[in-house]
Structures are given as structure tokens and as C-alpha cells.
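What follows is a single structure, written as C-alpha cells, with notes after it.
The values are calculated or read from the model by the stated rules, or taken from the named source; none is laboratory data. What you see is a predicted model; the values in this text were computed from it and never measured. Backbone-built Cβ (ideal geometry, glycine too); neighbour counts: all protein chains shown. When the accessible area is computed, the model is the full protein with side chains, heavy atoms only, and any ligands, DNA or RNA have been set aside. Shrake-Rupley method; radii C 1.70, N 1.55, O 1.52, S 1.80 Å.
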2 protein chains.
Amino acid sequence: MKKIDILKKLRSSGLRPTKQRVEIAKFLFERDKTFHFTVESLNKLLMRKLSSKISLATIYNTVHSFKAAGHLSEVEVRGNKTYFDTNVLNHHHFYDSETSELIDIDAKDVVIQKIPKAPNGKKIKNVEVFINLKN
Amino acid sequence: MKKIDILKKLRSSGLRPTKQRVEIAKFLFERDKTFHFTVESLNKLLMRKLSSKISLATIYNTVHSFKAAGHLSEVEVRGNKTYFDTNVLNHHHFYDSETSELIDIDAKDVVIQKIPKAPNGKKIKNVEVFINLKN
DNA sequence: TTTCACTTTAGAACAATTATAAACTATAAG
DNA sequence: CTTATAGTTTATAATTGTTCTAAAGTGAAA
């Protein structure tokens, strides 16, 4: 993803392309594969990569803004940390608790044959399949 | 579940049936339907119900002991709080984000036709299906 | 009974996240 | 260009959920 596209992506979702947002967006979206992270891990990676420091509060703000704009999704993982995913398409996950690593599963690789109907007055928003791994 | 069964349940899993553990176990397991809770919610409910106060640290200790003994399971819910479930059989969940409420889905009510195989050297421990609800 | 490992407890410590309020900046209007 | 201003960043405080600590208490075996 080129810089011009990063700027477009930000502007089209009502986010001013500030220096910090552009740097974070470049880091997150200029990739071939999807990227899973926590704010803590992202912070460490950015500190290593960038010369100028971005405040932790800004990383929180930015990640939340990107999520609100639909550029990031939040992953269902039990535990105290919040995981984010640059893959915003409907998909599923393997979770390796040994390494705390998430692996994407393409939506087409999971086929569900039977599912209960939603309780009274509610609708199904989405279905997430979570496959826990062991060695 | 009778008091004698509570005592048996605790003793058989190597947990001394202390006053606090018996009270918490009675509160959790003397029910017809499964019960979902966070430590915070359990604490509030116990404060309301019991005359003698149980320390928050003890509630954490006890819930973790019960989980280790297989009397409680931890539910996959994104967010900062940890949810527990008195249903320890393999099953799935609806999650209503409006009310933060979990609803059990019987394992037999979800049939998965196709699933990817585990990555190199790993095995599948279990599969959790999580159905997010909306209004 | 006595003993002792296990348990409870209050409070401190910790980790992740959110709130605050002052300084800064992108950009629209003049 | 300037300027004005609403949006943004920042350091730090505050909050929340959870775990740790160490002292006091207690179940149960001998």
C-alpha cells in the first residue's frame, strides 16, 4: 500500500493524516499477510522501528480510531489483553496458547451445517469460530 | 445439589471444604440452569446474599481453584473481564453485547461440516463457536 | 489436643486501559 | 500567506481487573 493510498484511507474515514497516524498506518497496512497484535506489542515494534517516539496514549487512540473506521478488527481471545487484526473480513482463528499466537482461518475453510436460531427479538450479527491448539 | 454433594465435590478434588468454599459452591452449583459470571459480579451477588463477608481475594482464589478442579470453565469473550461458566461440558455461546450477557448453546445444536487441519506439529484442542447477537 | 499445611484476608502491587488537560497542528477561511 | 479553531498528541493521573504478599486463621490428621 502506497503512501498516497494511506492518506486516502485516512481521509476517507474522516481521520486527519497526522504524522503519527500515517506512521502507524504504514506499519500496519503495508504488509502482504494479515497482522495480529496487542497495543503493547505494537508499541514495542514501533519504538524499535521509528526514530521519533509515539506516545502510548496516541497508539491507543489511533488503534481505536482505526477500529472505529473499520480498518482493524478486534479478535475474540480470552485473557486480559486485547488483540487486533488487520484482516477486517469475516474470518476465524486458530489460537496457540503456548505461544499466544493467533493464526487466521479463511471464512471459506470453515463450513457450519447447523446453528441454533437467535433468542427472542435478537438477530445473529456474526459467527466466530475459535480453534484452540495444543502440541 | 445437596450440601453433602457439595462437600464430596470439594473433597474429591482435593479442596478442603472451608466455610467460604462451601458458601461459594452452594451459590454456584445449586442451580438448575448454567450460570455465567465475572468475579466482580459474583462478588456483588455474594455480598447481597451472605451475612458474613467473603474477601475479594478469596473469591478469586476459589474461582481459580474450582476452575483448576474442572468445576468451572472460562469463556472466550473479548474484553477486559474474565467470564466463567458453571457448564463445564463442551458447548458454545451466544453473546449479546448490548447486555454483556452470555447464553449457552448445546454442543449438539452446532454442527460443523468443514474445518481446516491444525498447523504443523499442532493438534486441535477444542473448537469454540461464538455467535454475536444484535437487536 | 496439638500440630501444620492449607486457607483466608486486607492491602499492596501490578498490568492494561481510559481520562484529563495542556500543548500542538492540520486545514479551512479570510 | 496568516489566522482561527477543531481535531490531535502527549505526559501523567486515574481507573479497573487481577495477582501477590505476609500475617492471622483453620481443617483435619496424628
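Listing for the model above:
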{"read-out": "Residue tally, condition within 16 Å of DNA strand D (Cβ to nearest atom), under 8 Å from the mean Cα position of the chain (by Cα) and in a loop (DSSP other than H, G, I, E, B), over segment B:65-93", "value": "1"}
{"read-out": "Subset of segment B:3-54 (residues that are outside any helix (DSSP H, G or I), in contact with a helix residue (DSSP H, G or I) (Cβ under 9 Å, 6 or more places away or on another chain) and either among the polar types (S, T, N, Q) or more than 11 Å from DNA strand C (Cβ to nearest atom) (or both))", "value": "B:Ser13, B:Thr18, B:Glu30, B:Phe35, B:Phe37, B:Ser52"}
{"read-out": "Within segment B:16-40, considering residues that are within 9 Å of DNA strand D (Cβ to nearest atom) and open to solvent by less than 50 Å² (accessible area, probe 1.4 Å), the one farthest from the other protein chains (Cβ to nearest Cβ)", "value": "B:Pro17"}
{"read-out": "Subset tally (residues that are more than 7 Å from chain B (Cβ to nearest Cβ), assigned to a strand (DSSP E or B) and out of contact with any Ser or Thr (no Cβ under 9 Å at 6 or more places or on another chain)) for segment A:103-135", "value": "1"}
{"read-out": "Unique residue being out of contact with any strand residue (DSSP E or B) (no Cβ under 9 Å at 6 or more places or on another chain) and surrounded by 12 or more Cβ atoms within 10 Å (Cβ to Cβ) when the list is B:Tyr83, B:Tyr95, B:Tyr60", "value": "B:Tyr60"}
{"read-out": "Number of the exception - A:Thr58 against (1) of a type in the set (Ser, Thr, Tyr); (2) away from DNA strand D (no atom under 16 Å from the Cβ); (3) farther than 28 Å from B:Val75 by Cβ", "value": "(2)"}
